[in-house]
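Encoded as structure tokens, the structure appears first; notes follow it.
FYI, it's all coordinate maths here, none of it is from the lab. The shown structure was predicted, so the numbers you read here are calculated from the model rather than taken from an experiment. Reconstructed Cβ throughout: ideal geometry from the backbone, glycine too, with neighbour counts over all protein chains shown.
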Number of protein chains: 2
Amino acid sequence: MALAANDLTQGQQFSAALVDDLKRTQIVQYAGASGDYNPLHTDEVFATKVAGYPTVFAHGMLTMGMTGRLLTDTFGDGRLTTFGGRFSSQVFPGDDLTATATVDRIRQEGDEWFADVSVSTTNQDGTEVFRGTATARLDA
Amino acid sequence: MALAANDLTQGQQFSAALVDDLKRTQIVQYAGASGDYNPLHTDEVFATKVAGYPTVFAHGMLTMGMTGRLLTDTFGDGRLTTFGGRFSSQVFPGDDLTATATVDRIRQEGDEWFADVSVSTTNQDGTEVFRGTATARLDA
């Protein structure tokens, strides 16, 4: 399931729907998995009445983790050597998220081949919620 | 729970134990939360007999998510504007992980203050499993 350098061309794009109607329970699952129990993400009363948000919102790292799934689904697990980005808008329960990855560069380092990729995740209104870059190791 | 620019000094460090004896169940929880069900992370038979790994291993994004918890615990939720890094070694069930964040720079952009932070996550043998950088928005 890993890609070789020959399988890719610069500018090639990959897209995936990451989630359709994000459930509060998925946010709670992420709290349990990550150990990040900040009630802004899981307690509607706290988030609205105490903190003044319109509702609870997803951990940024959950959005980033779902975005990473597009990359590992595309390039293979254990092939991602770097991944990072910017959290630009909050993600709320009920949101639909779609991610698109673009191959910016295919390059060789010694015997190894890598793809430099940029990725953008948007919600149902077309608002970008995360924009990042990643590097994936390819088969030679 | 947010920090102001005055609360920080360049070179200041924050550390936290992220997990002690990582459980296979936590990896399965992350699979459920992220939707990344690649059996390399959750199926011992597949990981060892089919794929040839010594055992299942954690999603890189779980390690990164736990590392991000140190940052959001320190700087406040919703304060992380960027986060990224390099996955340098695999994380296996039973591992203990510790993260240390270092304030590299405190800077002003218009009316807003930011901290540039580097972070390193190591296992019980002192092997670095993740190294990254992040930006956190501070109170003025």
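What is the angle, in °, between the Cα long axis of helix A:60-75 and the longest principal axis of the Cα atoms in chain A? Nearest 10 is fine, range 0 to 90. Tilt relative to chain A: about 30 degrees. Shown for A:GLY32: label points 7 Å from Cα along the beta-carbon vector, and their distances to the equivalent points in the other copies, 0.3 nm in ascending order. Remark on A:VAL91: its backbone amide H falls under 5 Å from those of A:ALA58, a criterion applied only to residues 5 or more positions apart or on other chains, H modelled at 1.01 Å from N. The distance from the alpha carbon centre of the range B:12-56 to that of the range A:21-93 is 18 Å, rounded to a whole number. Ordered by the count of other Cβ atoms within 10 Å of each Cβ, fewest first, B:LEU70, A:LEU8 give A:LEU8, B:LEU70. To the nearest ten degrees, helix A:24-34 and the longest principal axis of the Cα atoms of chain A are 60 degrees apart. In straight-distance terms, cross-link reach from B:LYS23 covers every one of the lysines whose alpha-carbon lies under 30 Å from its own, apart from those fewer than eight places away in the same chain; here that gives A:LYS23, B:LYS49. Can you list the copy-to-copy distances for A:ASP21, using a point 7 angstrom from Cα toward Cβ, in nanometres, shortest first? With the label placed 7 Å along Cα→Cβ, A:ASP21 yields 4.1 nm. Of the two radii for chain B, the radius of gyration is 1.05 times the Kirkwood radius, both from the alpha carbons; that is the Rg over Rh value.
Residues whose amide H falls under 5 Å from that of B:VAL129, counting only those 5 or more places apart or on a different chain, are B:THR121, B:THR122, B:ASN123, with hydrogens built in the peptide plane. For the rotational copy pair A/B, the chain A residue whose Cβ lies nearest the symmetry axis, together with its distance in Å, is A:GLY84, 1.
Backbone phi angles across the range B:105-115, fed through the Karplus curve with coefficients 6.51, -1.76 and 1.60 (θ = phi - 60°), yield HN-Hα couplings of 7, 10, 9, 10, 10, x, 8, 9, 10, 9, 10 Hz in residue order; Gly and Pro are listed as x. Between identical copies, the spacing of B:ASP43 label points, each set 7 Å from Cα toward the C-beta atom, reads 4.0 nm from nearest to farthest.
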